[in-house]
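Engineer: Structure below; questions to follow.
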Amino acid sequence: SKRLRFHICDPINPMSRVAWYDIQQNTFTRWCNDELKLRGLHIKDLKTDLKDGLMLINLMEIISGKKVGRYNKHPVIIQQKLENLNIAMDFMKKEGLKFVNCGSEDIVEGNMRIILGIIWTIILRYEINRNGDNDLLKWIQSKIPEYNIKNFTKNWNDGRALNGLINALRPDLCKDHKSLDKKDKLGNATRGIETADREMGVDKLVLPEEMIHKKVDKHAMMTYLAQFRNLKPVSAAKRVRAYGEGLTHGVQDCKAPFFVEVPSDVKGTLQVKVTKDGKEIKCSETKASDAPKNTEKFAYNYVPKAPGTYKVSITLDGEHVPGSIFTVTIDEDHTVGGEGKILCFFSTTSSNMKQRGDIQKTKLLLQSKKVHLRKDFVPWIPVDLLDASDRNKIFLKAGTKKLPIIIVDDKYIGDFDAIQELDENGKLDAVLKMDNKSLLTEEEHKQRLKKFNAVGEAI
């Protein structure tokens, strides 16, 4: 069923159309990124970026201070992604988080109602109720009784209460909050949000135009205001954000990009250094054109020439930014997370007669080797039904788009012609590593297949 979304005109800018739903999604995304920056990670879109489970796993490890355990760090196919999501969901349940009528499949499908519900449950536990006191409203009322705060929505629309809360916690700031003009909503909210960010380390999880919106989201405002009760140490370096693949993982001889965002009012010398075994690696810097408002954004790139562990240090006036020093794992080759598995990729729409014949002959050859009876059998994966980014990873791994593509233990073996030649030379069995594998019966395999849909998802 489609979700109906009602857009309300912004009272300050009649041309804008903002929904409470968008405000909540924006705030939750910013909150996640505020935590994920400690590992150089960044979410652009909650609907798509949680699908492989990696962001949720990293988020939970950061905020809980615990390790989730083993998971697939390079998921490409649906089974790998669902396994990761199940690991994340199981971990959250062990942490005491309760979810009703939601599962990994909802996240893979991009069900935003479910996704926002999951993120809100996490925020409620680890931000709003962080200190065991769940009465945020009572705490705010005790700080600014003169504003008679009764809710997390319209009472904050004119921006004055925010400035009052800042003054209550920092008497040297916003001393004139009581005399602010109620009609200057945008000016008041902007002043308060910018001051709290700059002077108190309160991240801008809600923007001024969102706070003054008459339909501002309650959960978004609670997430933002809870930060005032959980204040962090303030410094210019802590307001800098760094993220990108070049801070987490990469492949030798391939570009490793990352970005650094610096608030426009932050002054100081930014220094970026990439090293391996103590030796500095050349790293290029350019100014990015897609910087967020009131922010300078820089794009960096380096090319690791050997596999191994690299270190990326990012400092502002000598102080490390959040997450620095970053530890980066550089692999010898591209990976699709297929360690210990046999993965076969094909097309459901190929018009090439030889290719279609090769796909069928490959199936018969692998069946003769009893690959389909392995307990860790992975149903054949149609590349045309994968996300474009995942499909490209498969082609990049193989170095070709010629199908079928057979990958064994995360190594590209070839197409039908290649495995046929290996079989004729008596080498295929060794490549498939079928020795001592515990196998199902044909009947057990048939029953198992009933649990998968057309793209290999468990049903």
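The values are calculated or read from the model by the stated rules, or taken from the named source; none is laboratory data. Computed from a prediction, not measured in an experiment: that's the story for all the values here. Here the Cβ is made from the backbone with ideal geometry for all residues, glycine too, and neighbour counts use every protein chain on show. Note: areas computed on protein heavy atoms with side chains; ligands, DNA, RNA excluded. Shrake-Rupley method; radii C 1.70, N 1.55, O 1.52, S 1.80 Å.
Engineer: Please go through (1) under 18 Å from the mean Cα position of the chain (by Cα); (2) at pLDDT 95 or above; (3) among the small types (Gly, Ala, Ser) for Ser142 and return the number of the only condition it doesn't satisfy.
Structural biologist: (1)
Engineer: Filter segment 423-435 for residues that are of a type in the set (A, V, I, L, M, F, W, C) and part of a helix (DSSP H, G or I); which is farthest from Ile413 (Cα to Cα)?
Structural biologist: Looking at the filtered set, the residue picked out is Ala430.
Engineer: Inside segment 242-257, can you point out the residues that are surrounded by fewer than 19 Cβ atoms within 10 Å (Cβ to Cβ), outside any strand (DSSP E or B) and not acidic (Asp, Glu)?
Structural biologist: Gln252, Cys254, Lys255
Engineer: Okay, moving on. Working only within segment 292-331, note down all residues that are modelled with pLDDT of 95 or more and not in a strand (DSSP E or B).
Structural biologist: Listed by number, the residues that qualify are Val303, Pro304, Lys305, Ala306, Pro307, Asp317, Gly318, Val321, Pro322, Gly323, Ser324, Ile325.
Engineer: Suppose we filter Gly244, Gly268, Gly250 for residues that are farther than 28 Å from Ile119 by Cα, in contact (Cβ under 8 Å) with a residue 12 or more places away in the chain and under 20 Å from the mean Cα position of the chain (by Cα); which single one remains?
Structural biologist: None of the other options fit; the residue is Gly250.
Engineer: If Lys402 satisfies all but one of (1) touching a residue at least 40 places away in the same chain (Cβ under 8 Å); (2) closer than 30 Å to Val251 by Cα; (3) outside any loop (DSSP other than H, G, I, E, B), what's the number of the condition it fails?
Structural biologist: (3)
Engineer: Within segment 229-241, take every residue that is among the aliphatic types (A, V, I, L, M) and touching a residue at least 40 places away in the same chain (Cβ under 8 Å) and give me the one that is surrounded by the fewest Cβ atoms within 10 Å (Cβ to Cβ). Can you show your working first?
Structural biologist: Narrowing segment 229-241 to residues among the aliphatic types (A, V, I, L, M): 231, 234, 236-237, 240.
Those still in the list that are touching a residue at least 40 places away in the same chain (Cβ under 8 Å) too: 231, 236-237, 240.
Values: Leu231: 13, Ala236: 17, Ala237: 19, Val240: 26.
Among those that are among the aliphatic types (A, V, I, L, M) and touching a residue at least 40 places away in the same chain (Cβ under 8 Å), it is Leu231.
Engineer: Let me ask you something else. Scan segment 388-444 for residues that are within 37 Å of the chain's Cα centre (by Cα) and small (Gly, Ala, Ser) and jot them down.
Structural biologist: Ala388, Ser389, Ala398, Gly399, Gly414, Ser438
To keep it simple, each residue is scored yes or no on (1) assigned to a strand (DSSP E or B); (2) open to solvent by less than 80 Å² (accessible area, probe 1.4 Å); (3) at pLDDT 90 or above.
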residue	(1), (2), (3)
Ser389	no, yes, yes
Leu396	no, no, yes
Ile413	yes, yes, yes
Ile419	no, yes, yes
Lys437	no, no, no
Ala454	no, no, no
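Engineer: Kindly indicate whether Thr362 is of a type in the set (Ser, Thr, Tyr), in contact with an Asp or Glu (Cβ under 8 Å, 6 or more places away or on another chain) and more than 27 Å from Lys51 (Cα to Cα).
Structural biologist: Here the answer is yes, as Thr362 does meet what is asked.
Engineer: Could I ask something else about it? Could you please give the count of residues in segment 279-308 that are in contact with a strand residue (DSSP E or B) (Cβ under 7 Å, 6 or more places away or on another chain), open to solvent by 70 Å² or more (accessible area, probe 1.4 Å) and not acidic (Asp, Glu)?
Structural biologist: The number of residues fulfilling the criteria is 4.
Engineer: Got at least one residue in segment 305-312 being basic (Lys, Arg) and over 24 Å from the mean Cα position of the chain (by Cα)?
Structural biologist: Yes, some residue in segment 305-312 is basic (Lys, Arg) and over 24 Å from the mean Cα position of the chain (by Cα).
Engineer: Now for a different question. Note down all Cβ pairs under 8 Å where the first residue falls in segment 79-90 and is touching a residue at least 60 places away in the same chain (Cβ under 8 Å), the second is hydrophobic (A, V, I, L, M, F, W, C) and outside any helix (DSSP H, G or I), and they're at least six residues apart or on different chains.
Structural biologist: Sorted first by the residue in segment 79-90, then by its partner, the pairs are Gln79/Val378; Gln79/Ala458; Leu82/Ala458.
Engineer: In segment 119-138, what count of residues is obtained for those that are in contact (Cβ under 8 Å) with a residue 24 or more places away in the chain, surrounded by 15 or more Cβ atoms within 10 Å (Cβ to Cβ) and not charged (D, E, K, R)?
Structural biologist: 8
Engineer: If Ile149 meets every condition in (1) more than 29 Å from Gly65 (Cβ to Cβ); (2) open to solvent by 10 Å² or more (accessible area, probe 1.4 Å) apart from one, which number is that one?
Structural biologist: (2)
Engineer: Any chance segment 321-329 includes a residue that's more than 25 Å from the chain's Cα centre (by Cα), open to solvent by less than 20 Å² (accessible area, probe 1.4 Å) and touching a residue at least 40 places away in the same chain (Cβ under 8 Å)?
Structural biologist: No, that holds for no residue.
Engineer: Here's a check for you: in segment 14-28, which residue that is open to solvent by 20 Å² or more (accessible area, probe 1.4 Å) and not in a helix (DSSP H, G or I) is modelled with the lowest pLDDT?
Structural biologist: Quick first cut of segment 14-28, residues open to solvent by 20 Å² or more (accessible area, probe 1.4 Å) only: 14-18, 20, 22, 25-26.
Pick out the ones that are also not in a helix (DSSP H, G or I) and you get 14-18.
Details: Pro14: 35, Met15: 30, Ser16: 50, Arg17: 54, Val18: 57.
Result: Met15.
Engineer: Give the residue that is farthest from the chain's Cα centre (by Cα), with candidates limited to residues of segment 214-225 that are more than 18 Å from Asn163 (Cβ to Cβ) and surrounded by 21 or more Cβ atoms within 10 Å (Cβ to Cβ).
Structural biologist: The selected residue is Asp217.
Engineer: Given (1) of a type in the set (A, V, I, L, M); (2) surrounded by fewer than 19 Cβ atoms within 10 Å (Cβ to Cβ); (3) touching a strand residue (DSSP E or B) at 6+ places or on another chain (Cβ under 8 Å); (4) under 21 Å from Gly244 (Cβ atoms), identify the lone condition not met by Leu373.
Structural biologist: Just one mismatch for Leu373, condition (4).
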